[in-house]
Amino acid sequence: MPKITYIDHEGNERTVEAKTGESVMETAIKNSIPGIDADCGGACACATCHVYVDTAFMDKVGEQQEMEKSMLDFAENVQENSRLSCQITVSDALDGLRVTTPESQH
Amino acid sequence: MDLSSASRIVLIGGGQAAAQAIQSLRMGGFEGSITLVGDEPALPYQRPPLSKAYMKGEFAEERLYFKPAAWYEDNKVDLILSTRATSLDRAARKVHLEHGAVLDYDALILCTGSRPRPLPVKGADLQGVHDLRTLADVERIRPQMVAGRRLVIIGAGYIGLEAAAVARTMGLEVTVLEMADRVLARVTSPVMSEFYEKEHRAQGATILTGTRFDHFEGKDGHVSAAVLADGTKLPADLVLVGIGILPNIELAKEAGLTIDNGIATDRDARTSDPRIFAAGDCASRPLVHYGRSGRLESVHNAIEQAKLAAAAILGKPRPAEDCPWFWSDQFDLKLQIAGLNQGYDELVVRGDPDARKFAVFYLRNGTLIAVDAVNSPPEFLASKKLIMSGAKLAPGVLKDTSTPMKDIAAAAATA
């Protein structure tokens, strides 16, 4: 199973095993990773699962769809490597993925 | 009441609010016992996908669970599932369960949710007539969702229309019966109703508004037709009833808690008993951005009230109350709703409904109170901020699609 490391805004790292086919958001929620709210449960409706993707993985996490892009446009502290983690599907290629959570999702 | 010395917390109900409250209590450092009593057999799960992706069979049941079974063990949460709470003894701080068990509590959170409003007509008990509320309902419905079968949906609310969209995508013949003169009449404006009616018709569904349904006919115990008041028979292999929900308030009411449509709570989700909280569909709460109380049926409301209750129990500052929001997925249309539109005196359409990307703003005295945004996240997200700020807005500004929503929100913030 691919491993994902979540880093909170203070630099604390948590590495968990992820299931292929589930999202980076779901993996976080099921492992109680702090810093990801994901209120809508993955419907791309709430923009509360914002993460910063390690730049080494940017070309492996897939393209942003239009909905995600326009949702992220309203998130706080958006960067080049910002993504909504509900829109990143875990695959073997993402083994070792590192994402950082923002200080706030609101 | 200071509950910071509470060591035993009991939750009744196992839906969104209960799952959030448990999470917030443990993340907030609560180390005492947590017991959840739920009347369904499954681990606490998300309901919204039941009428959307999950209904289509796009993923496994375990993906609906908020947390895997191991999480409850690791976090020392006792789950008592498939079990109903039968009464509260507030003086003795006990919850009585069916089969005779009794739980003691220092703080109690009622997350009893709601149940489908029953349809009191002849034939409602026939096989093939279903509600759509629980995992068990979907397990019964899904094997019958076969291309070519005739599905009749009673009620054109969000649940009915979402199910209609799924069924059309799967190739069923779909007829939706609605008593009101338009779909979504209880929740949105005629502009939105017209848009969704047109969309469903374009996708091949039959939408009959202003229609009085009378009863079901059966054959060998299974539904065979829906019969209208004028005698018209609509052949049916499968029926879904979605005519709204009723809050589960009985336990609270019998225990003498104040009821106001739902279980009445204050801003901390506390009921008229200082040791008892209520969250989610069952609770009526102050709607702080609207200066009144009300009962909301939404994920956001369940999450927020659960967080408020957990914070109050733990003696932490009250979390900020967001503007109410909702969503609905039908076909490839994502509808995002912010605010509550009741009492609007002005309506502004931004964008073109025919382009399937537009928003309807609702204003009252020049202030934005709600938006319905179809495939338009900027309109939704900017409106959340605008609604909470209470800023005055000129309708012409909202209508002008050449000005981005971000700029409109920024201008209103500095005005």
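The values are calculated or read from the model by the stated rules, or taken from the named source; none is laboratory data. All values derive from a computational prediction rather than experimental measurement. Cβ coordinates were reconstructed from backbone atoms using ideal geometry, including for glycine residues, and neighbour counts include every protein chain displayed.
So here's what we get for this one:
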{"item": "Residues of the range B:104-135 that turn out to be aliphatic (A, V, I, L, M), farther than 28 Å from B:Asp372 by Cβ and surrounded by fewer than 20 Cβ atoms within 10 Å (Cβ to Cβ), as a count", "result": "4"}
{"item": "Strands (runs of 3 or more DSSP E) wholly inside the range B:191-239 that include at least 1 residues being free of Cβ contacts under 8 Å to residues at least 40 places away in the same chain, surrounded by 15 or more Cβ atoms within 10 Å (Cβ to Cβ) and out of contact with any helix residue (DSSP H, G or I) (no Cβ under 8 Å at 6 or more places or on another chain)", "result": "B:206-208, B:222-228"}
{"item": "Per-region count, the range B:100-109, residues at pLDDT 95 or above and farther than 12 Å from B:Ile9 by Cβ", "result": "2"}
{"item": "Residue check for B:Leu308: more than 25 Å from A:Glu66 (Cα to Cα), free of Cβ contacts under 8 Å to residues at least 60 places away in the same chain and under 17 Å from the mean Cα position of the chain (by Cα)", "result": "no"}
{"item": "Subset tally (residues that are touching a Gly at 6+ places or on another chain (Cβ under 6 Å) and acidic (Asp, Glu)) for the range B:41-78", "result": "0"}
{"item": "The range B:136-165, residues that are surrounded by fewer than 18 Cβ atoms within 10 Å (Cβ to Cβ) and within 23 Å of the chain's Cα centre (by Cα)", "result": "B:Ala136, B:Asp137, B:Glu139, B:Arg140, B:Arg142"}
{"item": "Selected residue (criterion: farthest from the other protein chains (Cβ to nearest Cβ)) from residues of the range B:22-40 that are surrounded by 21 or more Cβ atoms within 10 Å (Cβ to Cβ) and of a type in the set (A, V, I, L, M)", "result": "B:Val37"}
{"item": "Number of the exception - B:Arg267 against (1) among the basic types (Lys, Arg); (2) without any contact (Cβ under 8 Å) to a residue 24 or more places away in the chain; (3) not in a helix (DSSP H, G or I)", "result": "(2)"}
{"item": "Test: residue in the range B:56-72 that is in contact with a Cys (Cβ under 9 Å, 6 or more places away or on another chain) and at the interface with another protein chain (Cβ under 10 Å from one of its Cβ atoms)", "result": "no"}
{"item": "Helices (runs of 4 or more DSSP H) lying entirely in the range B:320-415 (those with 3 or more residues that are closer than 30 Å to B:Met55 by Cβ)", "result": "B:377-389"}
{"item": "Qualifying residue in the range A:54-68 (condition: in contact with a His (Cβ under 9 Å, 6 or more places away or on another chain) and closer than 24 Å to B:Ile337 by Cα)", "result": "no"}
{"item": "Scan of the range A:1-32 for residues that are buried (at least 21 other Cβ atoms within 10 Å of the Cβ) and in contact with a strand residue (DSSP E or B) (Cβ under 8 Å, 6 or more places away or on another chain), ordered by number", "result": "A:Ile4, A:Tyr6, A:Ala18, A:Ser23, A:Val24, A:Met25, A:Thr27, A:Ala28"}
{"item": "Sole exception among (1) within 14 Å of chain A (Cβ to nearest Cβ); (2) under 25 Å from B:Ala92 (Cα atoms) for B:Ala302, by number", "result": "(2)"}
{"item": "Per-region count, the range B:360-394, residues more than 23 Å from A:Ser70 (Cα to Cα) and either in contact with a Phe, Trp or Tyr (Cβ under 9 Å, 6 or more places away or on another chain) or within 14 Å of chain A (Cβ to nearest Cβ) (or both)", "result": "2"}
{"item": "Some residue of the range A:37-52 being at pLDDT 90 or above, away from chain B (no Cβ under 12 Å), within 13 Å of A:Leu97 (Cα to Cα) and surrounded by 18 or more Cβ atoms within 10 Å (Cβ to Cβ)", "result": "yes"}
{"item": "Lone unmet requirement of (1) small (Gly, Ala, Ser); (2) more than 14 Å from chain B (Cβ to nearest Cβ); (3) closer than 27 Å to B:Asp322 by Cα; (4) more than 14 Å from the chain's Cα centre (by Cα) for A:Ala56", "result": "(3)"}
{"item": "Unmet requirement for B:Val348, which otherwise passes all of (1) within 14 Å of chain A (Cβ to nearest Cβ); (2) among the hydrophobic types (A, V, I, L, M, F, W, C); (3) closer than 21 Å to B:Glu194 by Cα", "result": "(1)"}
{"item": "Verdict on B:Gly390 being modelled with pLDDT under 95 and either assigned by TED's automatic domain parsing to the domain that holds B:Lys406 or surrounded by fewer than 20 Cβ atoms within 10 Å (Cβ to Cβ) (or both)", "result": "yes"}
{"item": "Every residue from the range B:282-319 that is under 18 Å from B:Gly13 (Cα atoms) and in a loop (DSSP other than H, G, I, E, B)", "result": "B:Cys282, B:Arg295, B:Leu296, B:Glu297, B:Ser298"}
{"item": "Flag for B:Leu43 being modelled with pLDDT of 95 or more and away from chain A (no Cβ under 13 Å)", "result": "no"}
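Residue-wise test of (1) out of contact with any Leu (no Cβ under 9 Å at 6 or more places or on another chain); (2) not hydrophobic (A, V, I, L, M, F, W, C); (3) not assigned by TED's automatic domain parsing to the domain that holds B:His215.
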site	(1), (2), (3)
B:Ile22	no, no, yes
B:Pro41	no, yes, yes
B:Phe59	yes, no, yes
B:Gly100	yes, yes, yes
B:Asp104	yes, yes, yes
B:Gly128	no, yes, no
